[in-house]
Every structure is written in structure tokens, then in C-alpha cells.
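Reading through the C-alpha cells given below for one structure.
The values are calculated or read from the model by the stated rules, or taken from the named source; none is laboratory data. All of these numbers come straight from a predicted model, not from anything done at the bench. Here Cβ is always computed from backbone atoms with ideal geometry, including for glycine, and neighbour counts include all displayed protein chains. We work out accessible area using only protein heavy atoms, side chains counted, and drop any ligands, DNA or RNA first. Shrake-Rupley method; radii C 1.70, N 1.55, O 1.52, S 1.80 Å.
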Amino acid sequence: MEWKEKRKGQRVYQVWVPLAKISPFLTKAVLIAEDDKFWSHEGFDYEGIQKALERDLEKGKFKYGGSTISQQLVKNLYLSRKEPS
């Protein structure tokens, strides 16, 4: 959107590849970056949710998230207004 607003004309090209073609190290790095407790919880990181809620209450606004990859997937699949393409 920034490129469009600044009239830069760049485009992003996406090429989907099978998961088997992606390094397992990259897959693990992405999982750890998004949800560092992915392998130790069953979809809900209750400690992370509690800490995020405490920080949100302290700040007086919803700024921090405690959602896991599993929760983000459910949100995107079932609560998104965008139709899948």
C-alpha cells in the first residue's frame, strides 16, 4: 500500500512452493518467531494470554496479543471477512 501511495510502481510476486521444498530450519525459525511455545502447548498459551491481558490492562488499551499460531489460524479461517481465493 505504501508503494501505491508513493506511486513507486513496485509489485510483489508470490510463488507458492511445496512445504517439502522449504528448509526445515526455516520452518522451525518461523514457528519459533511467531509462537515460541508451539511444541509445548495444545493450542492455547494460557501464560502468554494472561501476561498480554495484564499488560493491556496496565496500558488501558488492547495492544499486546497472547495468541498462538493455532488461534491465529482459527481467527483467519473462521472470523475473517475476506473470502478465500
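Who wins for biggest fluctuation among 37, 59, 28 in a Gaussian network model of the chain, springs between alpha carbons below 10 Å?
Highest fluctuation among the options: 59.
Under a 1.4 Å probe, what is the accessible area of the chain per residue, stated in Å²?
Spelled out: the 1.4 Å probe surface of the chain, per residue, equals 101 Å².
Roll a 1.4 angstrom probe over the protein heavy atoms and tell me the percent of accessible area of the chain that is carbon or sulfur.
Looking at the chain in its full context, I get 57 percent from C and S.
Taking every pair of alpha-carbon atoms in the chain, give the share separated by more than 16 Å as a whole percent.
That tail contains 71 percent of the Cα-Cα pairs.
With +1 assigned to the C-beta of every Lys and Arg and -1 to the C-beta of every Asp and Glu, and no other charges, what is the dipole magnitude of the chain about the Cα centre in debye, to the nearest 20?
Charge dipole, the chain, about its Cα centre: 680 debye, nearest 20.
So which lysines can residue 51 reach, going by Cα to Cα under 17 Å and dropping same-chain residues fewer than 8 places off?
Answer for residue 51, where 17 Å is the Cα cut-off: 37, 59, 61, 63, listed by chain and number.
Go through 52, 41, 62 and say which Cα lies farthest out towards the positive end of the charge dipole of the chain; charges sit on Cβ, +1 for Lys and Arg, -1 for Asp and Glu.
My answer, from the dipole projection, is 62.
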